[in-house]
1. Among the residues in segment 403-414, are any of a type in the set (D, E, K, R) and surrounded by fewer than 15 Cβ atoms within 10 Å (Cβ to Cβ)?
2. When you check Glu507 against the structure, is it touching a Lys or Arg at 6+ places or on another chain (Cβ under 6 Å) and among the acidic types (Asp, Glu), yes or no?
3. Looking at segment 126-161, which of its residues are in contact with a strand residue (DSSP E or B) (Cβ under 9 Å, 6 or more places away or on another chain), surrounded by 16 or more Cβ atoms within 10 Å (Cβ to Cβ) and in a loop (DSSP other than H, G, I, E, B)?
4. Restrict the check to segment 185-198 and report whether at least one residue is in contact (Cβ under 8 Å) with a residue 40 or more places away in the chain, in contact with a Gly (Cβ under 7 Å, 6 or more places away or on another chain) and surrounded by 20 or more Cβ atoms within 10 Å (Cβ to Cβ).
5. In segment 379-390, what residues are over 15 Å from Lys308 (Cα atoms) and either among the aliphatic types (A, V, I, L, M) or without any contact (Cβ under 8 Å) to a residue 60 or more places away in the chain (or both)?
6. Met166 fails exactly one of the following numbered conditions: (1) under 29 Å from Phe503 (Cβ atoms); (2) among the aliphatic types (A, V, I, L, M); (3) in a helix (DSSP H, G or I). What is the number of that condition?
7. List pairs: first residue in segment 423-434 and over 24 Å from Leu534 (Cβ atoms), second residue outside any loop (DSSP other than H, G, I, E, B) and at pLDDT 95 or above anywhere in the structure, Cβ distance under 8 angstrom, at least six positions apart or on different chains.
8. In this structure, does Asp338 turn out to be surrounded by fewer than 21 Cβ atoms within 10 Å (Cβ to Cβ), touching an Asp or Glu at 6+ places or on another chain (Cβ under 8 Å) and either hydroxyl-bearing (Ser, Thr, Tyr) or not in a loop (DSSP other than H, G, I, E, B) (or both)?
Amino acid sequence: MRSHYCGQLNSSHIDQEVELCGWVHRSRDHGGVIFIDLRDREGLVQVVYDPDLPEVFSAAEHVRNEFVLRVKGRVRARPEGTVNPDMPTGEVEVLGLELEVLNKADTPPFQLDEHEKASEEIRLRYRYIDLRRPEMQEKIRIRARTTQLLRRFLDDRGFLDIETPMLTKATPEGARDYLVPSRTHPGEFFALPQSPQLFKQLLMMSGMDRYYQIVRCFRDEDLRADRQPEFTQLDIETSFLDENEIMELNEEMIRQLYKEILDVDLPNPFPRMTYDEAMDRYGSDCPDLRVPLELVDLQDLMQEVEFKVFSGPAKDPHGRVAALHVPGGSSLSRKKIDGYTKFVGIYGAKGLAYIKVNELAKGRDGLQSPILKFLPDSAVDGILERTGAKDGDLIFFGADKTHVVNEALGALRVKVGEDLDLMEGAWRPLWVVDFPMFEWDDKHNRWNPLHHPFTSPKDDQIDLLESDPGKCKSRAYDMVVNGTELGGGSIRIHSGELQQKIFKLLEIGEEEAQEKFGFLLNALKYGCPPHGGLAFGLDRLVMLLTGSKSIRDVMAFPKTQSAACQLTSAPSEVSMTQLRELSIRVRKPQSEEAS
């Protein structure tokens, strides 16, 4: 039906007859000449109809936005003064000789070039229209190109693309499973995989050596702004490579991807930073290195001050007192500082103390702060010296439990960096390594794995599993780009004895371990190779590559924040017949039954 895509026409096609198919992006009648911008997935081209062909011209007069057309015409250069340098096809236009309306269209719920005026709910409900926008077409095209390049890289290095089951056994991985009832086994359920973790380990035990898969994963999480109940990850596992070799391999892959997609040269090698250093300096295990600000520890300076807001956390072994030095920040208004105070409250901070450094030479008189009266000269001098503050600077303070200070000041650091335009460089990747094996759960008074229970501890720290689990470091690694975790992985446990020891530490008894992970424990008995891997969040990766604000913008049919599909109205009720076949009876919450 067509000879060319609209967006591919250029001056080399002048005087050629072409056949095009696409949607009407815009139609304009300019004094007896009709201009139609015809759009397909490759872009736009201007088609011109004049009255010399009355029948064709009459048909063009009745064309409206989003009509589907088949056009036949001759490519010609645009008249002098009408070239559009902002369009790839802006040097040419098509003189329309024939026009066939393949399908009419109702007035769309929003105009493609005015989509900002439509709510996200409307755009998702009519996603097939939203996806027609050139920006969305480009993002989906980049996503397809990304997966193609990732596959090629791994294929060229001997990795096998192997599918793993979608219907599997429920296993705890930090979020709720999506359960699928079994008709043939009444009262029993499959689970949709949160990741292929155990299956890819079993593939290593099967001798497959190098595996990858671009796989759909499912997590029934509570409402979060930029999470999806189903998402895509590039899953990788390999045998007989240590963590350094795995990181180097995947770093090379991401460098090649950025070069191919964006023509960007990422550093070689990526810098590496320990988890402890990242938390101390940036308050985050996903630090955005484009922001030059760092947290400064003040623990020792505040232990003896009378101001208990500072001295309490300073003396608490689980507390922290830290500063965030903002060059040029004294120009911030009180209203802006109040806004930052409200912002850190999201992360549990009870307030946000500050000192404005107006003129250092004047000592205390050159400082402005509501907390100065509570701090002795020695503490103030120590703060100024340690932060390196100069005239015109601002110092924010955090004092609370360590995790609260880290989360609050870590998030504030990035926000202030963005607000004051302090960002340096376009792309700042790094590896974060040496994660703790476990984190303490105060609520349940037990250890939980920081990543998952199949991560191997460092070889020289296995003894700490019994003596001091909190100090035990893992062989885990995360790739971070511009404050976003692109992927994470680890060397896995390949010893059944060590795996049992980890389960015991996590208070997973032998019976429970056998019931949940018996197939893995049995497999470990039969010659398991040392192995490891990682998984990249494909949606996040494409979000970064396209400069999108949300992963929903790079997914063809995403769910809403409440895990619903506006397009299909899923989830929805099913018939009683289907429920009876599954031996299921639905009990709605009491509030719904009462209404």
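The values are calculated or read from the model by the stated rules, or taken from the named source; none is laboratory data. Note that the structure is predicted; figures quoted are calculated from it, not measured. Because the Cβ atoms are built from the backbone with ideal geometry, glycine has one as well, and the counts that use them run over all protein chains shown.
1. Narrowing segment 403-414 to residues of a type in the set (D, E, K, R): 407, 413.
Of the ones still in play, those that are also surrounded by fewer than 15 Cβ atoms within 10 Å (Cβ to Cβ) are none.
Within segment 403-414 (the criterion being of a type in the set (D, E, K, R) and surrounded by fewer than 15 Cβ atoms within 10 Å (Cβ to Cβ)), the answer is no, since none of the residues qualifies.
2. Values: touching a Lys or Arg at 6+ places or on another chain (Cβ under 6 Å): yes; among the acidic types (Asp, Glu): yes.
Here the answer is yes, as Glu507 does meet what is asked.
3. Correct list: Arg132, Phe159.
4. Going residue by residue through segment 185-198, those that are in contact (Cβ under 8 Å) with a residue 40 or more places away in the chain are 186-187, 195, 197-198.
Next cut, in contact with a Gly (Cβ under 7 Å, 6 or more places away or on another chain) only: none.
No - not one qualifying residue is present in segment 185-198.
5. Within segment 379-390, the subset over 15 Å from Lys308 (Cα atoms) is 380-390.
Answer for segment 379-390, where residues must be over 15 Å from Lys308 (Cα atoms) and either among the aliphatic types (A, V, I, L, M) or without any contact (Cβ under 8 Å) to a residue 60 or more places away in the chain (or both): Val380, Asp381, Ile383, Leu384, Glu385, Ala389.
6. (3)
7. Note: pairs meeting the criteria are Met423/Gly417.
8. Working: surrounded by fewer than 21 Cβ atoms within 10 Å (Cβ to Cβ): yes; touching an Asp or Glu at 6+ places or on another chain (Cβ under 8 Å): no; either hydroxyl-bearing (Ser, Thr, Tyr) or not in a loop (DSSP other than H, G, I, E, B) (or both): yes.
In short, no.
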